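Heads up, the thing below is written out as structure tokens.
The values are calculated or read from the model by the stated rules, or taken from the named source; none is laboratory data. The model shown is predicted, which means the values in this text are computed figures rather than measured ones. Reconstructed Cβ throughout: ideal geometry from the backbone, glycine too, with neighbour counts over all protein chains shown. Ligands, DNA and RNA are stripped out before the accessible areas are found, and what is left, the full protein with its side chains, is counted by its heavy atoms. Shrake-Rupley method; radii C 1.70, N 1.55, O 1.52, S 1.80 Å.
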Amino acid sequence: MDRYAVIGHPVKHSRSPRIHALFAAQTGQTLDYDRLESAPEAFTQTVLAFAASGARGCNITVPFKFEAWQMAAHRTARAELAQSANTLRFDAGGWWADNTDGIGLVRDITQNAGVTLAGQRVLLIGAGGAAAGSLGPLIDTQPAEIVVANRSVAKAEALVVRHQDWAAAQGVRLHATDLDHAGEAFDGVINATASSLGGAESPVRAGVLKPGALALDMMYGAAAAGFLAWAETHGAHGRDGLGMLVEQAAEAFTAWRGVRPDTGPVLAQLRTEL
Ligand code: NDP
């Protein structure tokens, strides 16, 4: 049986095995998808051993996405921009890497939530791996402006510098700032920080929200509750990261299996299990 896994540290709470099992059942694919915990210093050996055992590919989660990107011989353009990968395919001619986080985010916003980003002003909060994976696909939707705000402003600046040419080519104004100067009245606010983990509401002021704005936290379940309540209190539409999670998984599944699953029923099923 074709084998896959999600590799991370920690990885035991990952919903990826459940999502891929649902995709496989839906599409009639036969595969096995497991969780692989790796010690922080042992990622390379863990992946090499998994591939050598005959596995076909893997997803990668915190904190190994940068190392995974480095291990691939072939990378998608969006993985290159992100300088990180969450999907590896162990192709015989050299491993192939993609970063599907950003396209998953964009699909959830534009298709599942039905929100148009083209011509809008978007605030991306965070400059870690999730923000890096999301910025290129967000630029592809051609908003009028994207502001990247981060606690460590140097990281936001580095991310912006790396994407500046691509943003200019798409006609998107792109700049970096700290959390206190994020700006006002955005149409879309995306929280790609880990701030919600501590139960915090939002790392930025409520003035960033235009009435009726989309306010999405990449977290889901109890961890996202504070941010979603903050968004609704200030007149925005809150959305958690579960749709993004399912959509990024669907993109990986498609790359591995050549079949695109229908994400709607899987997202609905996961909601009932949260
Ligand atoms: P990283 O560790 O790479 O980055 C963490 C980011 O959060 C940095 O920008 C960091 O700022 C910021 N941060 C951490 N704590 C705080 C705080 N208390 N206040 C303000 N900013 C803070 O993590 P990832 O980027 O990989 O993941 C970020 C979140 O996105 C995670 O919660 C993860 O679960 C979620 N995620 C969800 C996905 C989905 O499919 N739904 C996919 C990928 C990620 P600084 O640089 O200053 O340290």
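Annotations
- With a Förster radius of 41 Å applied to the beta-carbon distance between residue 51 and residue 154, the computed FRET efficiency rounds to 0.70.
- What separates the Cα centres of segment 214-274 and segment 40-67 is a distance of 25 Å.
- Simple spin-label estimate for residue 26 and residue 80 in nanometres, 7 Å along Cα-Cβ: 3.1 nm
- Under 17 Å of direct C-alpha separation, and excluding same-chain neighbours fewer than eight residues apart, residue 155 reaches these lysines: 65.
- Taking Cα atoms only, the orientation of helix 242-257 departs from the longest principal axis of the chain by about 40 degrees.
- Sequence-distant aspartates and glutamates (8 or more away, or on other chains) whose Cα lies within less than 14 Å of residue 12: 34, 37
- The chain: antiparallel DSSP beta bridges as a percent of all, rounded to 5: 15 percent
- Solvent-accessible heavy-atom area per residue, rounded to whole Å², over segment 123-274 at 1.4 Å: 40 Å²
- Counting heavy atoms of the protein chains alone, residue 108 has an accessible area of about 0 Å² for a 1.4 Å probe.
- Under 15 Å, Cβ to Cβ, from residue 144 - net charge with Lys/Arg +1 and Asp/Glu -1: -1
- Degrees between helix 43-52 axis and first principal axis of the chain (Cα, 0 to 90, nearest 10): 40 degrees
- Once backbone amide H atoms are built at 1.01 Å from N, residue 213 has 237 as its partners under 5 Å, excluding neighbours fewer than 5 places away on the same chain.
- Fraction of the pair-distance distribution of segment 115-240 above 26 Å, Cα-Cα pairs, percent: 12 percent
- Taken about its Cα centre, segment 206-269 carries a charge dipole of about 100 debye when Lys and Arg each add +1 at the Cβ and Asp and Glu each add -1 at the Cβ.
- Once the chain from residue 222 to residue 92 is taken as fully extended at 0.36 nm per residue, the excess over their C-alpha distance is 42.7 nm.
- Segment 127-179 - Rg and Dmax from Cα coordinates, angstrom: 10.0, 28
- Extreme residue, positive dipole direction of the chain, given options 207, 159, 109 (C-beta unit charges): 109
- Nitroxide proxy distance, nm - points 7 Å out along Cα→Cβ at residue 269 and residue 37: 2.7 nm
- About its Cα centre, the chain has a charge dipole of approximately 260 debye under the convention of +1 per Lys or Arg Cβ and -1 per Asp or Glu Cβ, with nothing else charged.
- DSSP beta bridges confined to segment 63-203 are antiparallel in about 15 percent of cases.
- Amide H contacts for residue 115 (H built 1.01 Å from N in the peptide plane; partners 5 or more residues away or on another chain; cut-off under 5 Å): 110.
- Carbon-plus-sulfur accessible fraction, the chain (probe radius 1.4 Å, protein heavy atoms only): 53%.
- Once the Cα atoms are used to define both axes, helix 129-140 deviates from the longest principal axis of the chain by about 70 degrees.
- Computed from Cα atoms alone, the Kirkwood hydrodynamic radius reported for the chain is 18.8 Å.
- Here the extension length gained between residue 232 and residue 66 equals 56.3 nm, from 0.36 nm per residue of separation less the Cα-Cα distance.
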